[in-house]
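Enquirer: Let me give you the structure first, and then I'll get to my questions.
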Amino acid sequence: MNIIPKLPALGETIFTTMSGLANQYKAINLGQGFPDFPMSEELTDLVNKAMKDGFNQYTHSNGFPALREQIAAKVERLYQNKINPDTDITVTPGATYAIYTALTTILQPNDEVIVFEPAYDCYHPAIALNGAKSVIIELQAPTFSIPWDEVKEKINSKTKAIIINTPHNPTGYVWTKDDMLMLQECTRDKNIFIISDEVYEHLIFEGKAHESVLKYPELYSKSFVCFSFGKTYHCTGWKLGYVIAPPSISKEFRSIHQYNVFCADTPKQVGLAEYIKNEQAYLQLGKSIQEKRDYFAGLMKQTPFVRIPSYGSYFECYSFKNISTESDKEFAIRLVKEYGVAGIPVSAFYKSGKDESLIRFCFAKKESTLEAAFNQLANVLIR
């Protein structure tokens, strides 16, 4: 039986490769974005209770009603947007699923989607699988800000969507109010959708505000806004998130969602419906994760690596230009094999494989893990 590959240019993802190497060499894994510290015991108890109480069958296709009501209340508190939990919110098996389904909802062959690079690795494959084309705009190093003049130049009659990601993975750039107003200006009176990847909405540092699309009615009217419970509550393996979109857009999203998965995990939704009432669990998240960023950055000052400051997410990028002339992938593999630390080469976030000698490290780890990684990285020899 012969299968014609739909993604012939793509093999194993760098995340699978690096995690496999980390396991093989028993390395400290600062590659993938998952915490190694415990999640809330209260939340796991609530999910356990939901299972014992019999919430183990299908729930509503759009999500457990009480959870959608709590999400709507949270959105109104944080972003002053009074959305309808029945028509605007769909609970999904993860944010990546939400992004893929959103793109599938709107794309037709030969449509174009503007993607800012470096970009989370699911964007390009999802666009290609729908027969559309990625139009790449590179963020401006070293701050990785948005080149708005280029955005205006590349918008044309084929542009169906723009994908935005704030806080940004892998760089930690946080969109500003001016960025959102520029996006609003660029898409005004145009048939262009916004796919807004906001999975790190609460992981923002130094008092910066999260400028959600939900704050901007004109933008929200044409948007799919994607979120992750996994990133907010340190349970990435649960693969649970949600998408918020206006009723007419949600209706089309749900027409695909119902046949693809029908509904997401029921007992976890029941537990989250209660736990999400604890506002401090997410309001204090930025402060606690910033402490981890700062701890790791303080240690890394003692190494030849050069920090590229991150203002949000689980990640920070470090330059190794002062250390080696190897490609970033070669260097990342050598870090695992010779020094026992796994990171992700930032070239993996560029479709072209652009190599700026940067490695992305995840600092959402226990201090003991970060210290152990530093002790290894401090031994990296310049060559």
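Please treat every number below as a calculation from the coordinates, not as lab data. Since the model is a prediction, treat every value here as computed from it, not as a measurement. Note that each Cβ is placed from the backbone with ideal geometry, even for glycine, and that neighbours are counted across all protein chains shown.
Enquirer: Could you tally the net charge around residue 355, taking each other residue with its Cβ under 15 Å from the Cβ of residue 355, Lys/Arg +1 and Asp/Glu -1?
Expert: 0
Enquirer: Taking the convex hull of the alpha carbon atoms in segment 55-278, what volume per residue do you get, in Å³? Please report the intermediate quantities before stating the final value.
Expert: Values: hull volume 26.1 nm³, N = 224.
About 116 Å³ per residue, rounded to a whole number.
Enquirer: Next up: Hand me the trypsin sites (Lys or Arg not before Pro) from segment 68-116 located in a DSSP loop with no more than 10 other Cβ atoms within 10 Å, in residue order please. Please list the in-between numbers first.
Expert: Details: sites: 68, 74, 77, 82; in loops: 82.
Here the sparse-neighbourhood loop sites are 82.
Enquirer: I would also like to ask the following. Looking at the chain, what % of the alpha carbon pairs are farther apart than 33 Å? Intermediate results must be reported in sequence, preceding the final value.
Expert: Values: 22518 of 73153 pairs.
Within the chain, distances greater than 33 Å cover 31 percent of Cα pairs.
Enquirer: Taking Cα pairs under 8 Å and at least six residues apart, what relative contact order does the chain come out at, in percent? Let's see the in-between values first.
Expert: Values: 728 pairs, mean separation 95.1, N = 383.
Computed over the chain, the figure is 25 percent.
Enquirer: Let me ask another. If you filter segment 297-346 for trypsin sites (Lys or Arg not before Pro), then keep DSSP loop positions with at most 14 other Cβ within 10 Å, what is left? Spell out each step's value before the answer.
Expert: Details: sites: 301, 307, 321, 329, 334, 337; in loops: 301, 321.
Passing both the DSSP loop test and the Cβ count: 301, 321.
Enquirer: Cα centroid distance between segment 295-309 and segment 175-236, in Å?
Expert: The two parts, judged by their Cα centres, are 29 Å apart.
Enquirer: Could you give me the percent of Cα pairs per 5 Å distance bin for segment 276-367, shortest bin first, beginning at zero and ending with the bin that holds the maximum distance?
Expert: 3, 13, 21, 23, 17, 11, 6, 4, 2, 1, 0
Enquirer: For segment 327-347 and segment 90-136, what is the centre-to-centre distance using only Cα atoms, to the nearest Å?
Expert: 28 Å
Enquirer: Let's test the formula: R0 of 51 Å, r as the Cβ-Cβ distance of residue 375 and residue 150. What FRET efficiency results, to the nearest 0.05?
Expert: Numbers: r = 42 Å, r/R0 = 0.83.
Taking R0 as 51 Å, the efficiency between residue 375 and residue 150 is 0.75.
Enquirer: Let me ask something else about it. Tell me, in nm to one decimal, what length is gained between residue 260 and residue 74 on full extension, where the rule is 0.36 nm per residue of separation less the Cα-Cα distance? Working shown, then result.
Expert: Numbers: separation 186, 0.36 × 186 = 66.96 nm, distance 2.75 nm.
Gain in length upon complete extension: 64.2 nm.
Enquirer: Let me check I have the definition right: for segment 122-225, take the eigenvalues of the Cα gyration tensor, multiply each by 5, take square roots. What are those semi-axes in whole Å, largest first? Please report the intermediate quantities before stating the final value.
Expert: Values: eigenvalues 89, 51, 41 Å².
Equivalent-ellipsoid dimensions as semi-axes: 21, 16, 14 Å.
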